[in-house]
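S.K.: Below is a structure I'd like to ask you about.
The values are calculated or read from the model by the stated rules, or taken from the named source; none is laboratory data. Predicted model only: the values in this text are computed from it and were never measured. Only protein heavy atoms, including side chains, enter the accessible area calculation; ligands, DNA and RNA are left aside. Shrake-Rupley method; radii C 1.70, N 1.55, O 1.52, S 1.80 Å.
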Amino acid sequence: MTPRRWALLAALLWVLLQLPRLAVRYSYDWDASQYARGAVEYNLAQHQPQPPGYPLHVMALRALLPLTNPARGQVVLSLVYTLAALWAFRRWTGSDAATLLLAFSPVIFFYGATQSTYPIDLLSGSLLGWLAWRVAQGEHRLAVPLAACAAVLAGFRQSGVSFLLPMIAYAVWQTPWRRRAQALATGAILALAWFVPLAISTGGLAHLRQLNS
């Protein structure tokens, strides 16, 4: 059997081992219960969910409610985030072995399909790292997709993208000024598209800042 087929079998095993987690019915922890309540009634002041709000993650969870319960919906989303992150990591490294080592590492394996937003940070690191590396290597056409992905992922979980901003800024700075301006404008528009409704829903920017403090 070729190494490629062994890698595919290992990937299939990883997915099969995660599937039993879909049987969950109750919240995993306090944060998971806040996401679940936020999907039913979004109210940041009542910690539904907790600040900073995770608006796009909660909207994605709400979209799944007609199909499943909030607990299982969060597991589904975590699995999707993790698989997307592993795909981006595989594209970045070009290594099946490195990707499988990452997937079966204890932290990734545990959080890969659980009621948590941590897999979003893995997705941010893998996808934005891959795109930023390519932009810095001279593929300047990817500066706009890089900025767009960063803005959208920040709407799912802000903290991970915040830590990656220096890397993203460095990559975009390597591009011609016109491409740089396009990337900055795209990122700003997409970020404001979820941030403005979030601020309005919490009673204004001052109230949102107070909640986050």
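S.K.: Tell me, in nm to one decimal, what length is gained between residue 159 and residue 213 on full extension, where the rule is 0.36 nm per residue of separation less the Cα-Cα distance?
M.R.: Here the answer is 18.0 nm.
S.K.: Follow-up. Given H placed on each backbone N at 1.01 Å, which residues far from residue 43 in sequence or on other chains put an amide H within less than 5 Å of it?
M.R.: Counting only residues 5 or more places away or on other chains, the set is 48.
S.K.: Where q = 0.14, 0.16 Å⁻¹, what log10 of I(q)/I(0) comes from the Debye formula for the stretch 62-212, counting one point per Cα?
M.R.: For the stretch 62-212, the Cα-only Debye profile gives -0.78, -0.97.
S.K.: Follow-up question, since we're still on this one. Add -39500 (n - 2.57) for each DSSP H run of 4 or more in the chain, then divide by its residues: what number comes out at 222 nm, to the nearest 500 deg cm²/dmol?
M.R.: Value at 222 nm, helices only, nearest 500: -24000 deg cm²/dmol.
S.K.: I've got another one for you. Run the accessible area of the chain with a 1.4 Å probe and give the carbon-and-sulfur part as a rounded percent.
M.R.: Reported share for carbon and sulfur atoms: 69 percent.
S.K.: Between the stretch 9-25 and the stretch 170-213, what is the C-alpha centre distance in whole Å?
M.R.: Each part reduced to its Cα centre gives a spacing of 36 Å.
S.K.: A follow-up question, please. Could you order 25, 91 by accessible surface area, starting with the largest, using a probe radius of 1.4 Å?
M.R.: Listed by decreasing accessible area, they come as 25, 91.
S.K.: Consider all pairwise Cα distances in the stretch 44-135 and report the whole-number % of them above 17 Å.
M.R.: Every Cα pair in the stretch 44-135 considered, those over 17 Å come to 54 percent.
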